[in-house]
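The values are calculated or read from the model by the stated rules, or taken from the named source; none is laboratory data. What you see is a predicted model, and the numbers here were worked out from it, not measured in a lab. Methodologically, a virtual Cβ is constructed for each residue, glycine included, from the backbone with ideal geometry; neighbour enumeration extends over all protein chains shown. The protein model used for the area step is the full one, side chains on, heavy atoms only, and it has no ligands, DNA or RNA in it. Shrake-Rupley method; radii C 1.70, N 1.55, O 1.52, S 1.80 Å.
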Amino acid sequence: MGWGIRSIICNTSERVVCVCTEKTRRAVEEIVGLTPRLEFIECPPALPLNIFSFPLRIPAFFRILRPLLRLGVRGWWLNLSGIEFCLAPLTTLLWFGEKPHGWLHNTERFAVLIKNASWRRALLSRLRDWSADRWAFSLYPSIITPSQSTIPDVEARLRGKRRPFIGHLYSPPIGEQTRVVRDIERDASISGHRVIDLWMIGRIDYGHKNNLIALDVLGRLEENSVNATLTIVGDGPDFADMKIKAQALSFGRKVIFLGWSNTPWDTISQSATVLIPSFYESMCIVAREAMVRGIRIVASPIPVFHEWIPDSLIANDFAVDTFVEKIVEVQGLPTRQLLELYDAALLRFSDKTFIESFKKYSSQGGSDGN
């Protein structure tokens, strides 16, 4: 959301009013900075199990949003990490006759994202999914997803009689650098490096990130007499288990756990290859950030990756040997060719593309301004 606001402020004359918590405000200000065209209004955070408890927040949002409507604020966007969030402001805006857009960053069901949860949590997740699919989706006049590939995910979840408009909006550039950092004087390829420097960056969650396969990949490289290391940056529900499993391996010394980092790219080498074996992604910030830095990636064959990651960097299936073959193949890809592929792929995430789509959707449903 912060980078979206930054793109609007830097590329349009619009004024933005951000209704958010104090924590979110600090995060947005770090990205956007201070500007008179960005105003913040503090709101209370979501309650636990928001899909059931959100009515308790409606009075607060009624008090917050009614003055903004009187001031003529239009073009309401709800920033959603999941469809069950922002239900209190949504309900309030619908009461006032507004038609807000839900920008849904994660389109997957809870039950899929936490496959290894306890039976109690799994049951609760299925109940939340049922409630979202049968009821929450139908509240939204418009749902905007982060990619074309995630539109079918939303359509498959709709169970209510009313069906919202569904579109997609690629997020804007993340970071000051919007195109590939070019250094053509680097070696034409890194295939001659004696050690494959394999990295995995992000949440450690077997259910949808498929992290555990990285250990199998490293083991297969060892069997093939390929010298390789694996560096893991991130944490999550399966972090401790993955660390235990790695330490039990004969080659466990080659697995390095760095934990969570806000600046993982400060430590990664230019010769590294980032492995992204996910079962599910609605978008992938790690892949985009690697592209901008000209760092090699090897990704799994899911639809959203085929939508914008060069096919030559995507494994044909989820088999360990397939990932190993693709890693070795990508190691030998000439740097100049890699950067050309990245330049073409990143065009989807330009400020121009974001602003054009954002304005198009904002003008729908009677909204006509900020």
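At a glance:
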item: Residue in the stretch 323-333 that is in contact (Cβ under 8 Å) with a residue 60 or more places away in the chain, part of a loop (DSSP other than H, G, I, E, B) and closer than 30 Å to Arg15 by Cα present; result: no
item: Hey, Arg348 under 23 Å from Ile151 (Cβ atoms), in contact (Cβ under 8 Å) with a residue 24 or more places away in the chain and either open to solvent by 70 Å² or more (accessible area, probe 1.4 Å) or touching a strand residue (DSSP E or B) at 6+ places or on another chain (Cβ under 8 Å) (or both) or not; result: yes
item: Filter result for Phe318 (modelled with pLDDT of 95 or more, aromatic (Phe, Trp, Tyr) and open to solvent by 10 Å² or more (accessible area, probe 1.4 Å)); result: yes
item: Complete set of residues in the stretch 1-54 that are out of contact with any Lys or Arg (no Cβ under 9 Å at 6 or more places or on another chain), closer than 20 Å to His101 by Cα and open to solvent by 70 Å² or more (accessible area, probe 1.4 Å); result: Met1
item: Selected residue (criterion: least open to solvent (accessible area, probe 1.4 Å)) from residues of the stretch 219-251 that are among the acidic types (Asp, Glu) and farther than 22 Å from Glu325 by Cα; result: Asp238
item: Any hit, the stretch 146-156, residues being in contact (Cβ under 8 Å) with a residue 40 or more places away in the chain and more than 22 Å from the chain's Cα centre (by Cα); result: no
item: Residues of the stretch 252-285 classified as farther than 21 Å from Thr322 by Cα and of a type in the set (A, V, I, L, M), total; result: 5
item: Filtered residue count, the stretch 292-307, keeping only those that are of a type outside the set (Val, Ile, Thr), outside any loop (DSSP other than H, G, I, E, B) and at pLDDT below 95; result: 0
item: For Thr231: the one exception among (1) in a loop (DSSP other than H, G, I, E, B); (2) modelled with pLDDT of 95 or more; (3) of a type in the set (S, T, N, Q); result: (1)
item: Residue within the stretch 119-130 that is modelled with pLDDT of 80 or more, open to solvent by 20 Å² or more (accessible area, probe 1.4 Å), touching a helix residue (DSSP H, G or I) at 6+ places or on another chain (Cβ under 8 Å) and under 19 Å from Cys86 (Cα atoms) present; result: yes
item: Output for the stretch 261-281, where each listed residue is without any contact (Cβ under 8 Å) to a residue 24 or more places away in the chain and under 16 Å from Gly236 (Cα atoms); result: Asn262
item: Tally of residues being assigned to a loop (DSSP other than H, G, I, E, B), open to solvent by less than 70 Å² (accessible area, probe 1.4 Å) and among the hydroxyl-bearing types (Ser, Thr, Tyr) across the stretch 264-273; result: 2
item: Pick from the stretch 74-88, criterion over 18 Å from the mean Cα position of the chain (by Cα) and over 22 Å from Lys359 (Cβ atoms), ranking: surrounded by the fewest Cβ atoms within 10 Å (Cβ to Cβ); result: Ala88
item: Flag if Gln177 is among the polar types (S, T, N, Q) and modelled with pLDDT of 95 or more; result: no
item: Residue list for the stretch 218-238, filter: under 26 Å from the mean Cα position of the chain (by Cα) and over 15 Å from Ile256 (Cβ atoms); result: Gly236, Pro237, Asp238
item: Qualifying positions in the stretch 199-218 - of a type outside the set (Val, Ile, Thr) and within 16 Å of Lys326 (Cβ to Cβ); result: Trp199, Met200, Asn210, Ala214, Asp216, Leu218
item: Tabulated pairs, the stretch 236-260, first under 9 Å from Ile204 (Cβ atoms) and among the basic types (Lys, Arg), second open to solvent by 60 Å² or more (accessible area, probe 1.4 Å) and in a helix (DSSP H, G or I), C-beta under 9 angstrom, 6+ apart or interchain; result: none
